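Structure first, then comments.
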Amino acid sequence: IRGKKITPNDVLEFVVDAFLLHTARYGFVLLALDDVQWMDSLSWKVVQRLVDRGKGLMILCLCRPFAMEDASIDPGFLRQIQEEKAENGKKNPDLSVIELQPFTESDVLMILSATLGCDPGCIKEEVCKHLFKNSGGIPYYVRELIQVMNQDDLLERGNDGLIGWRSSQSEYNQITLHTDMNELLLHRLDRFQFDGRTLLQLGAIIGFEFSFSELLEIQYLSMNISLTQVKQVQGQLSRAVKENILIETCHGGIHKIQLSDTSSHPEHSKPTDNVDIPKKMYSFR
C-alpha cells in the first residue's frame, strides 16, 4: 500500500480476501490445516475471519492431543464456535471434536483376524502382542505392518490349527518387524532391483508429486522411447503403488510421446508415430 505502513491486520484481511475470492466459484470448500497446535494468534485470526465470512466452508483442523484453551486462539472466538446454535429445530455447535485414540491390543487382534479371514481365537497370542508392541497401536502402523507380515510370509497355521510365526521365524529375536516408517520404507525399497530404485530416486528429485510423462521424458532425456521402456516404467510405478511407496492419481486427459522402433537394430532406432499415454500423477506417501 503506497504511502501507508502495512499492519498485521492488513495482511490478515489480504489473506482472507484472497482465499474467499479464489474459492468463490465453489459451492463447498474443505480447508484442511495440519498441526494446528503450533499455530500463532494471527493464523487463528485468519481462521476466525474465514468462519465469520465464509459460506459453504468446512475447516478441518488436525493436531496432536492438546487442550484448545492452551492454544493461541482468542477465548471469545473459542466460546463462539463451541456455543450450540438452533438450526432446523436442532441445536448444533459450529465446532465438532473427534479424538482418535490408538488401537488396543484387542482392536489389533480383530483387525489381524479380519485381514487373515479367520476367527480371532485362531491367532496365537504372541503374534498379536508382538504386532501391538511394534505398532504402538497406531492405526496406520498396524495396517502397514500387517501388510509386511503377509508379503514376507511370516505366518503359518500349525498342526494345532492356530496361526503363529512360521517355523523359520519361530525364534522371537528373528522376527523382523519395523517400528518406524523410515525403516519400513527402506525395507520395501530393498525389494526393488537397481533400475526400480533409480526410477524412484529420480521421481523424488522431481518433487513430492510428479507425472508419468515427465518421468519418462527425464529418464530418457531426448532419446526416442520404445514401447517396451514405457511398459517397464509403468510396471515399476505400479509396483511402488502396491508397496504403498507411491499414491497414483489420474487428472484425466492424455499426453503424446514419440516412440522409436528398435525391433531390428536397437542401435539405430527410428522415430515412429506418437502414442497417447494417460496423464497419471504420482506422489510419495
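General remarks:
- Taking label points 7 Å from Cα along the Cα-to-Cβ direction, Arg79 and Glu248 give a separation of 5.5 nm.
- Theoretical gain in end-to-end length, Glu13 to Leu186 [0.36 nm per residue, Cα-Cα removed]: 57.8 nm
- Remark on Val29: its backbone amide H falls under 5 Å from those of Leu57, Met58, a criterion applied only to residues 5 or more positions apart or on other chains, H modelled at 1.01 Å from N.
- Full extension of the chain between Ile206 and Lys133 gives 22.6 nm of extra length, using 0.36 nm per residue less the Cα-Cα distance.
- Fully extending the segment from Asp107 to Asp153, taken as 0.36 nm per residue of separation minus the present Cα-Cα distance, adds 14.3 nm.
- Judged by the mean number of other Cβ atoms found within 10 Å, the most tightly packed of the peptides 18-28, 193-203 leads the ranking 193-203, 18-28.
- Spin-label model distance (nm) - Arg166 vs Glu126, 7 Å beyond Cα toward Cβ: 1.7
Read-outs throughout are calculated quantities, based only on the coordinates presented, and are distinct from any laboratory measurement. Worth saying up front: this structure is predicted, and the values here are computed from it rather than measured. Neighbour counts are summed over all protein chains in view; Cβ atoms, including those assigned to glycine, are modelled from backbone coordinates with ideal geometry.
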